[in-house]
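Step one of this worksheet: look at the structure below.
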Amino acid sequence: MGIRIRVCCSAGLHRRRARRDLHACLPLRRIGRRTARGGAMTGPEELFDSAKIKPDEAPRAFHQDLIDALRLGVISIVLLLIAAFFFSRIVHPLFALGSVEETAMDVLTRLILLALPFVAYIAAASVARRYTGADTVRALALALTCTVILFALISTGHYALDYGVFAPQPSLQMTLSQTDAGIRVDAIAPGGAAETAEIQVGDVITAIRRDPMDLQSFNRRVGQAAEGDPLRLRFIRGAEEMQETVRVVLVSDKQLGVLIPGLALGLIFTVIIVFLPGHWAPYIALVGLLSPLIVGYAWVIIATFSFRTEGLIPLDGNDNIGGFTLKNWESIFAGNISGLEFNIWPILMTTLAIAVVMTVVVLLVSSMAGYALSRMNFPGRRFFLSFTLILHGFPAITLLIPIFIVLLRLGNLPIIGDLIGFNTIGGIALVMVAFQLPLGVWLMKGFFDNIPWDMERSALIDGASRFRTYWEILLPQIRPGLLALGIFAFIGGWNAYIIPATYSIGSGVSNMPVFLNELIDETAPVDWNQVAAVGLFQLIPIFIFFIFAQEYLLNIYAGGTKGSS
């Protein structure tokens with residue numbers, strides 16, 4: 001009997017302990033129920049706030065928190081510098097040893113160095129966020145103090161290494177001003193490039209080679225030149241026209257005033273981080289990962305409406321912030337960019353024709369082939385499916401030369417050669433359709449496989465032909481797939497470069513990407529602001545197309561048979 005009592009007591013004790021452990025493991029459910037009634041925060045926000053200083057809790061000394069915050073910021077800086085050193089000084093030389101030219105490591109290094117100050121600000125502000133609920137003034141003072149110190153530390157490194165805003169810029173080392181007669185030389189740096197070329201104060205520059213210049217275009221030409229590039233200046237000295245060659249040099253303008261915008265941006269960023277709700281962190285991280293795309297598109301938009309840009313800052317001819325202009329767009333419609341004469345409308349119509357022909361043919365052929373592969377059983381069906389999948393994974397660039405020979409031979413045929421031969425819109429569209437069809441066939445087959453047989457049987461029993469069933473019954477059910485494939489095909493045709501550039505000669509069948517490449521000529525300076533305007537001009541139809549296509553796509557998912565399986 002005694003043994004039984006002890007066993008029962010032991011079992012009861014274990015049950016009580018298990019019940020207690022179970023309740024101890026469920027604190028979040030209790031918190032969630034209680035705060036749901038009381039209106040307080042629940043979930044991740046409450047866990048995040050648990051690390052904050054409570055109003056009745058004694059805070060630490062200010063200098064202790066300052067040291068902790070600076071320690072985190074400096075550690076972040078050191079880690080990112082190590083990563084940048086690894087990619088630029090270790091990985092990049094390894095590619096160079098294999099005679100491989102790549103720019104990914106350089107771009108990655110620049111992105112790391114660009115994000116370095118912001119990561120340091122976030123790390124330091126994480127300490128200040130502990131006081132946002134109890135002492136907002138202390139949190140703000142701590143975060144801003146850390147930001148100023150970290151900014152000074154980073155700027156000192158930039159100043160010592162001639163990096164960032166202190167990086168050397170192309171210059172002819174002379175001060176200029178715009179006059180009615182031309183560009184007047186007001187001052188010359190002693191021993192500089194202009195003095196070496198015997199340029200004198202009072203000379204009036206009228207052109208570079210044969211290109212007439214005003215002050216804005218002159219500064220733009222110098223800003224786009226590389227170190228050592230010769231610029232043949234035409235100028236008037238007295239009543240005599242003269243020419244001299246001045247070589248571009250890199251000059252570092254170490255004025256501390258350029259740091260003010262960066263410091264202001266850092267302080268604003270820190271204030272946002274301090275008061276940012278915790279549940280916004282994933283969205284901020286997503287924006288950070290997408291920042292290269294965001295910055296790239298922002299630069300394109302700003303550059304198209306500005307005379308010159310320094311990063312994302314628009315500048316005028318005197319390097320002052322501003323310089324917004326519509327001349328870049330006027331040059332597109334006037335048909336003259338950097339001396340290249342053109343008419344934008346035939347190029348745009350050629351691009352549209354290639355994209356439309358490719359879209360229509362891909363949709364028609366892919367839907368028919370997908371229907372046949374989904375609904376019919378014929379000899380060689382499995383081989384055709386496998387072969388189509390192999391073609392989809394086959395690199396298209398390896399077939400450029402054989403396809404070139406085929407198109408060249410087709411061009412010798414009467415009638416057909418004028419439609420789908422070499423250097424024709426039909427030939428370019430035909431090649432692009434061939435590369436797009438494997439994806440389209442597999443995509444359409446998948447959509448047809450998801451349609452129940454009941455609909456097709458009902459239509460066939462009612463007397464509908466196979467084609468009518470396909471056209472009137474099944475196609476409306478796969479509209480989302482048709483739209484998705486149409487978007488892929490249209491964008492592929494609109495942005496195509498390799499195939500149009502390979503199978504066309506001259507400007508008769510040039511599309512927008514090929515025309516953009518023609519603007520970048522090694523024998524003439526590139527006006528990147530005008531190139532950006534052409535790029536944005538090409539992007540506008542795609543943007544409009546996406547707006548309407550997305551709205552249609554979100555409202556066409558209703559369909560099928562109710563209750564079918």
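The values are calculated or read from the model by the stated rules, or taken from the named source; none is laboratory data. Values in this document were obtained by computation on a predicted structure and should not be read as measured data. Positions of Cβ are generated from backbone atoms using ideal geometry, with glycine treated the same way; all protein chains shown enter the neighbour counts.
Brief remarks follow.
- Residues within the stretch 334-375 that are aliphatic (A, V, I, L, M), touching an Asp or Glu at 6+ places or on another chain (Cβ under 8 Å) and surrounded by fewer than 18 Cβ atoms within 10 Å (Cβ to Cβ), tallied: 1
- Those helices (runs of 4 or more DSSP H) lying entirely in the stretch 55-166 with at least 2 residues in contact with a Leu (Cβ under 6 Å, 6 or more places away or on another chain) and closer than 19 Å to G266 by Cα: 62-85, 104-128, 136-161
- Flag if L144 is at pLDDT 90 or above and within 34 Å of the chain's Cα centre (by Cα): yes
- If you go through the stretch 497-510 and pick out every residue that is surrounded by 17 or more Cβ atoms within 10 Å (Cβ to Cβ) and not β-branched (V, I, T), you end up with 4.
- Selection from the stretch 153-180 of residues that are over 13 Å from V258 (Cα atoms), small (G, A, S) and surrounded by fewer than 19 Cβ atoms within 10 Å (Cβ to Cβ): G157, A160, S177
- Test: W280 is more than 18 Å from the chain's Cα centre (by Cα), part of a helix (DSSP H, G or I), of a type in the set (F, W, Y) and on the phi < 0 side of the Ramachandran plot: yes
- Complete set of residues in the stretch 179-198 that are at pLDDT below 90, closer than 19 Å to R232 by Cα and not small (G, A, S): E195, T196, E198
- Failed condition for L413, given (1) surrounded by fewer than 19 Cβ atoms within 10 Å (Cβ to Cβ); (2) modelled with pLDDT of 90 or more; (3) of a type outside the set (D, E): (2)
- Residue satisfying condition, being of a type outside the set (V, I, T), in contact with a Phe, Trp or Tyr (Cβ under 6 Å, 6 or more places away or on another chain) and either touching a residue at least 40 places away in the same chain (Cβ under 8 Å) or assigned to a helix (DSSP H, G or I) (or both), within set F448, F467, F490, F515: F448
- The number of residues in the stretch 209-252 that are outside any helix (DSSP H, G or I), surrounded by 11 or more Cβ atoms within 10 Å (Cβ to Cβ) and among the polar types (S, T, N, Q) comes to 2.
- Just one of the listed residues (P476, P513, P480) is in the same structural domain as A429 (by TED's automatic domain parsing), surrounded by 17 or more Cβ atoms within 10 Å (Cβ to Cβ) and more than 18 Å from A434 (Cβ to Cβ), namely P513.
- Total residues in the stretch 60-85, condition among the aromatic types (F, W, Y) and surrounded by 15 or more Cβ atoms within 10 Å (Cβ to Cβ): 0
- Close Cβ contacts (under 8 Å, 6 or more residues apart or on different chains) running from residues in the stretch 215-234 that are touching a residue at least 60 places away in the same chain (Cβ under 8 Å) and within 13 Å of Q173 (Cα to Cα) to residues that are charged (D, E, K, R) and buried (at least 17 other Cβ atoms within 10 Å of the Cβ) comprise N219/R308; G223/R308.
- Residues within the stretch 307-333 that are touching a residue at least 40 places away in the same chain (Cβ under 8 Å), closer than 21 Å to S177 by Cβ, out of contact with any Asp or Glu (no Cβ under 8 Å at 6 or more places or on another chain) and not charged (D, E, K, R), tallied: 1
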